[in-house]
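A.B. asks: Encoded as structure tokens, here's the structure I'll be asking about.
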Amino acid sequence: MTHSIKFKLFFSIIFLLNIFIKFYGIDKNSLWLDEAYSVNQAQLSIQSIIHNSSQSDNPPLYYLALHFWTGLFGFSELAVRSLSAVLSILAAVTMFVLISRNFNLVTGFVSALFFSFSNENLFYAQETRTYALVVFLTVLSIGLFFELSKRKNILLLLGLTLSNIFLLYSHYISALIPLLEVGIAALYFKSNKRFFFEVLLSMVIVAILFMPWMQFPLSHTPKEGSFWLNKPTFSNFKGILIGMAGNKLTLIICFVILAYTFYKKIHLFKTNQKFISFDEVSLMTFAFFPIIFVYIISGLIPIFLMRYLLFASVPFYILFAFLLVTYVKNNKILLLSSVVLIGSTLFSLKLHASKDEGWRDAIEKVKELKGIDDAVILSASYTDLVFSYYYDKNIFFDYNKRDSLLMKEKIFPIKINSASELDEFKFKEKIIGVFCHELLQDPSNLIKIELGSRYETSQSYDFEKVKVVVYENLKK
């Protein structure tokens with residue numbers, strides 16, 4: 001079988017496999033809170049999206065992309081999630097193509113398979129959030145970085161620059177990738193001056209283009225105690241590594257590959273060969289430095305979370321595929337090792353994994369229970385987006401009148417500060433409470449306590465972290 005036929009065969013396998021995995025059951029689960037926020041942003045004007053992003057923790061590129069995507073395909077669960085699925089499919093095939101060109105065909109195939117069966121990447125490939133876009137751009141950036149190191153090409157330089165500026169406008173922490181590219185190129189300045197100056201030029205252009213936006217992430221840096229994440233522990237650090245690998249077994253296999261690589265390196269050192277190559281230094285830096293760095297700074301800025309570091313999974317998969325193919329010379333052992341590595345990821349693969357918030361079924365139950373005069377209380381005010389998405393699309397899309405339309409329907413998203421806020425409901429014969437995220441906005445559980453003291457609980461339903469409770473008035 002010729003190299004060209006193998007390339008086409010492997011490409012087809014990666015492409016078709018990812019189409020199946022990324023789209024299978026994509027709309028089985030209802031949207032959750034953050035996805036509803038993304039959909040809400042997508043329906044706004046371009047100017048409003050940019051303005052809202054400047055006032056939040058999230059840069060605007062994903063919302064702008066989703067704005068145009070939904071303009072073509074609509075706002076169904078399948079439509080809004082399919083953008084992430086397509087981006088994840090593109091990430092897999094792009095990884096295969098670029099890694100095959102920069103390393104070899106087997107490394108490209110194994111790394112793309114490793115990525116394809118990543119449970120974390122599958123989860124975010126079926127979520128209406130920016131993370132699949134960040135992963136795709138990371139694949140582009142790293143692949144073009146390696147290609148530029150080998151040959152001078154203005155289009156490669158342009159591609160690297162564009163992928164990095166898009167990265168910064170997709171997720172702020174991913175700025176570590178272009179910064180590390182400059183650092184690695186500087187480390188090899190003596191052996192490849194041309195490469196260093198090209199990467200530096202690219203980074204300068206990226207910095208200039210991002211400069212107008214720089215004030216916004218600096219003014220929205222999360223602080224411990226004022227952000228929902230806490231200072232990470234070593235257990236969190238291990239959890240990130242396990243998440244990258246997929247499960248503990250796969251992570252152990254990766255450590256075995258590292259140990260075997262080190263053993264082979266000792267032998268190479270004794271024979272006066274180069275101990276560690278540019279490719280190895282680059283991949284190890286891309287894979288592990290972001291995790292270690294973010295873990296350290298999370299003592300001050302609480303941002304140590306798997307989805308924020310998902311971009312580091314890209315070099316993680318490439319690294320271990322590269323080490324395996326480079327240092328296992330026997331073809332039969334290489335095939336067996338690759339099967340064991342990729343096969344171990346299947347133990348943690350979850351097709352159409354739950355989003356943990358069963359809003360679709362919960363709201364159907366609310367509509368079934370609610371009478372004309374009954375009031376509905378949302379325990380966290382910001383759940384109004386996902387509630388209205390399932391309750392009445394007309395309310396959801398009329399964002400200028402959403403609050404008044406919900407009030408007309410006797411639906412009250414409340415931000416409770418005192419028990420007196422519930423007084424307006426005291427003459428209601430029936431109140432339906434919808435509880436989700438209540439402890440974030442109402443940590444003292446005042447809503448449940450007050451409703452429990454004033455009304456009798458007649459029915460209660462659980463829908464994956466969304467609870468619907470019917471209260472009857474004791475004084476009716």
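A.B. asks: With the requirement that a residue be of a type in the set (S, T, N, Q) and modelled with pLDDT under 95, what does region 294-325 give you?
C.D. replies: Ser298
A.B. asks: Phe146 - would you say it is open to solvent by less than 20 Å² (accessible area, probe 1.4 Å) and over 15 Å from the mean Cα position of the chain (by Cα)?
C.D. replies: yes
A.B. asks: Could you check, for region 7-17, whether at least one of its residues is more than 22 Å from Val386 (Cα to Cα), β-branched (Val, Ile, Thr) and open to solvent by 50 Å² or more (accessible area, probe 1.4 Å)?
C.D. replies: Yes, that holds for at least one residue.
One line per residue, one yes/no per condition, for (1) touching a residue at least 12 places away in the same chain (Cβ under 8 Å); (2) of a type in the set (S, T, N, Q):
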| site | (1), (2) |
| --- | --- |
| Asn330 | no, yes |
| Ser354 | yes, yes |
| Ser379 | yes, yes |
| Tyr382 | yes, no |
| Phe387 | yes, no |
| Leu406 | yes, no |
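A.B. asks: Considering only residues that are farther than 24 Å from Gln441 by Cα and buried (at least 16 other Cβ atoms within 10 Å of the Cβ), which ones fall in region 370-379?
C.D. replies: Lys370
A.B. asks: Given the conditions (1) open to solvent by less than 70 Å² (accessible area, probe 1.4 Å); (2) farther than 16 Å from Gln43 by Cβ, which single one is not true for Tyr382?
C.D. replies: Every listed condition holds for Tyr382 apart from (1).
A.B. asks: Every residue in region 1-27 that is within 24 Å of Glu464 (Cα to Cα) and touching a Ser or Thr at 6+ places or on another chain (Cβ under 9 Å), please.
C.D. replies: Initially, region 1-27 is screened for residues within 24 Å of Glu464 (Cα to Cα), giving 21-27.
Ile21, Lys22, Phe23, Ile26, Asp27, listed by residue number.
A.B. asks: Related question: Out of (1) within 24 Å of Lys150 (Cβ to Cβ); (2) open to solvent by 50 Å² or more (accessible area, probe 1.4 Å), the odd one out for Leu98 is which?
C.D. replies: It is condition (2) that Leu98 fails.
A.B. asks: Okay, moving on. Take Ile252 and decide whether it is open to solvent by less than 40 Å² (accessible area, probe 1.4 Å), more than 19 Å from Glu280 (Cβ to Cβ) and assigned to a helix (DSSP H, G or I).
C.D. replies: Numbers: open to solvent by less than 40 Å² (accessible area, probe 1.4 Å): no; more than 19 Å from Glu280 (Cβ to Cβ): yes; assigned to a helix (DSSP H, G or I): yes.
Spelling it out, it is not the case that Ile252 is open to solvent by less than 40 Å² (accessible area, probe 1.4 Å), more than 19 Å from Glu280 (Cβ to Cβ) and assigned to a helix (DSSP H, G or I).
A.B. asks: With the structure loaded, tell me whether Phe109 is within 18 Å of Gly243 (Cβ to Cβ), of a type outside the set (S, T, N, Q), in contact with a helix residue (DSSP H, G or I) (Cβ under 7 Å, 6 or more places away or on another chain) and in a helix (DSSP H, G or I) or whether it fails that test.
C.D. replies: Answer is no for this residue.
A.B. asks: While we're looking at this one, here's another question. If Phe15 satisfies all but one of (1) part of a helix (DSSP H, G or I); (2) of a type outside the set (A, V, I, L, M); (3) without any contact (Cβ under 8 Å) to a residue 60 or more places away in the chain, what's the number of the condition it fails?
C.D. replies: (3)
A.B. asks: Of the residues in region 151-171, how many are under 22 Å from Pro212 (Cα atoms), open to solvent by 40 Å² or more (accessible area, probe 1.4 Å) and part of a helix (DSSP H, G or I)?
C.D. replies: Residues meeting the conditions: 3.
A.B. asks: What's the total number of residues in region 7-58 that are touching a Lys or Arg at 6+ places or on another chain (Cβ under 8 Å) and among the small types (Gly, Ala, Ser)?
C.D. replies: Qualifying residue count for the region: 2.
A.B. asks: Now for a different question. Restricting attention to region 385-404, which residues are touching a strand residue (DSSP E or B) at 6+ places or on another chain (Cβ under 9 Å) and open to solvent by 30 Å² or more (accessible area, probe 1.4 Å)?
C.D. replies: Result: Tyr391, Asp403.
A.B. asks: Taking interchain pairs and intrachain pairs at least six residues apart, which have beta carbon atoms under 9 angstrom, with the first residue in region 101-112 and closer than 13 Å to Ile142 by Cα and touching a residue at least 40 places away in the same chain (Cβ under 8 Å) and the second among the acidic types (Asp, Glu) and open to solvent by less than 40 Å² (accessible area, probe 1.4 Å)?
C.D. replies: Qualifying pairs under 9 Å: Arg101/Glu147; Asn102/Glu147; Asn102/Asp279; Phe103/Asp279.
A.B. asks: Checking the conditions here, which among Phe293, Phe304 is farther than 25 Å from Phe195 by Cα, in a loop (DSSP other than H, G, I, E, B), out of contact with any Lys or Arg (no Cβ under 7 Å at 6 or more places or on another chain) and hydrophobic (A, V, I, L, M, F, W, C)?
C.D. replies: Values: Phe293 fails: in a loop (DSSP other than H, G, I, E, B).
Going through Phe293, Phe304 in turn, the sole match is Phe304.
A.B. asks: Could you tell me whether region 122-129 includes any residue that is among the basic types (Lys, Arg), over 19 Å from the mean Cα position of the chain (by Cα) and not in a helix (DSSP H, G or I)? Write out each step before concluding.
C.D. replies: We begin by selecting, within region 122-129, every residue among the basic types (Lys, Arg); these are 129.
If we keep only those that are over 19 Å from the mean Cα position of the chain (by Cα) too, we end up with none.
So far as region 122-129 goes, no, none of its residues is among the basic types (Lys, Arg), over 19 Å from the mean Cα position of the chain (by Cα) and not in a helix (DSSP H, G or I).
A.B. asks: Taking region 307-345, which residues are outside any helix (DSSP H, G or I) and crowded, with 18+ Cβ neighbours inside 10 Å?
C.D. replies: The answer is Val328, and nothing else.
A.B. asks: Another question about this same structure. Open to solvent by 20 Å² or more (accessible area, probe 1.4 Å) and assigned to a helix (DSSP H, G or I): which single residue out of Asp361, Asp356 fits that description?
C.D. replies: On the way: Asp356 fails: assigned to a helix (DSSP H, G or I).
None of the others qualify; the one that does is Asp361.
A.B. asks: Then there's this: Considering region 324-343 alone, what residues qualify as being more than 23 Å from Gly25 (Cβ to Cβ) and in contact with a helix residue (DSSP H, G or I) (Cβ under 7 Å, 6 or more places away or on another chain)?
C.D. replies: Of everything in region 324-343, those that are more than 23 Å from Gly25 (Cβ to Cβ) and in contact with a helix residue (DSSP H, G or I) (Cβ under 7 Å, 6 or more places away or on another chain) turn out to be Leu324, Val325, Tyr327, Val328, Leu334, Ser337, Ser338, Val340, Leu341.
A.B. asks: Hey, another quick one. For a quick check of your reading: which helices (runs of 4 or more DSSP H) sit entirely within region 172-249 and have at least 1 residues that are at pLDDT 95 or above?
C.D. replies: Ranges flagged: 176-187, 193-210, 234-245.
The values are calculated or read from the model by the stated rules, or taken from the named source; none is laboratory data. These numbers come from a predicted model, not from an experiment. Quick reminder, even Gly has a Cβ in these numbers, built from the backbone with ideal geometry, and neighbours come from all protein chains shown. Just the protein is used for accessible areas: all its heavy atoms, side chains included, with ligands, DNA and RNA removed. Shrake-Rupley method; radii C 1.70, N 1.55, O 1.52, S 1.80 Å.
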